[in-house]
Amino acid sequence: MSEVKLAAESRTEFGKGAARRIRRENKVPVVLYGHGTEPVHLTLPGHELLLALRTPNVLISLDIDGKTNELAIPKAVQRDPLKGFLEHVDLLLVKRGEKVQVEIPVHTEGELAPGGNLLEHVLDALPVETEATHIPESVTVSVEGLEAGASILAKDISLPSGTTLAVEEDAVVLQVLAAQAEETEGESAEGEEAAEA
């Protein structure tokens, strides 16, 4: 779990015009909310925030106007659909020791059984509940030797200590599908049988 420190400035201007001015200065408009407090409107340095958001569920330590320090995790990120730059970010206020629900990426390792089978990621990210300051960056699942029809359920994935599932235990995370060519041959054989009948 990486923690990134960013200098934040309070902002009092709102609306599209103000947001455009902020982005022209290579900064990003941000809203910090949570714990039943009023939302706090901030600006953060654009490049540093972009780098921080490359890590899933990054913990951001905010130094607000040099007066207060807060911890937050990204909740919603809006990007320009064409150029990809950050337009707006919502951050969720967290406290050390507090449990939060997040989604962590699922990575796979190993080779499937021979035969051209395909691995389908039913869930790209696994919903979990974990301590805000110890969010795992990802989970890795071995698919070594799995054959068509095999599936890996949420309960089959080993999680770091202090992390629990926030999804049904029987939810399918990964499944192995038979190669498409085999299905096509099977379908044409069924079609011939129907024609003969």
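Observations, loosely collected:
- The stretch 71-104, residues that are assigned to a strand (DSSP E or B) and open to solvent by 50 Å² or more (accessible area, probe 1.4 Å): 75, 77, 78, 79, 87, 99, 101, 103
- Qualifying residue in the stretch 69-84 (condition: closer than 17 Å to residue 132 by Cβ and among the polar types (S, T, N, Q)): yes
- Here the stretch 132-152 is the region considered, the condition is being surrounded by fewer than 16 Cβ atoms within 10 Å (Cβ to Cβ) and not in a loop (DSSP other than H, G, I, E, B), and the residue that is modelled with the lowest pLDDT is 134.
- A search for C-beta distances below 7 Å between a residue of the stretch 56-84 that is free of Cβ contacts under 8 Å to residues at least 40 places away in the same chain and any residue that is among the hydroxyl-bearing types (Ser, Thr, Tyr), counting only pairs 6+ apart in sequence or on different chains, returns 69/61.
This table checks each residue for (1) farther than 30 Å from residue 37 by Cα; (2) touching a Leu at 6+ places or on another chain (Cβ under 9 Å); (3) modelled with pLDDT of 90 or more; (4) not small (Gly, Ala, Ser).
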position: 161; (1), (2), (3), (4): yes, no, no, no
position: 171; (1), (2), (3), (4): yes, yes, yes, no
position: 174; (1), (2), (3), (4): yes, yes, yes, yes
position: 182; (1), (2), (3), (4): yes, no, no, yes
position: 191; (1), (2), (3), (4): yes, no, no, no
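- Residues within the stretch 113-131 that are part of a loop (DSSP other than H, G, I, E, B) and open to solvent by 40 Å² or more (accessible area, probe 1.4 Å), tallied: 6
Residues checked against (1) of a type in the set (D, E, K, R); (2) farther than 30 Å from residue 68 by Cβ; (3) free of Cβ contacts under 8 Å to residues at least 12 places away in the same chain:
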residue	(1), (2), (3)
86	no, no, no
90	yes, no, no
96	yes, no, no
115	no, yes, no
132	no, no, no
137	yes, no, no
149	no, yes, no
157	no, yes, no
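The values are calculated or read from the model by the stated rules, or taken from the named source; none is laboratory data. Keep in mind that this is a model prediction, so the values were computed, not measured. No Cβ is skipped: glycine too gets one built from the backbone with ideal geometry, and neighbour counts run over all protein chains shown. Each accessible area value is taken on the protein alone, full model and side chains, heavy atoms only, with ligands, DNA and RNA left out. Shrake-Rupley method; radii C 1.70, N 1.55, O 1.52, S 1.80 Å.
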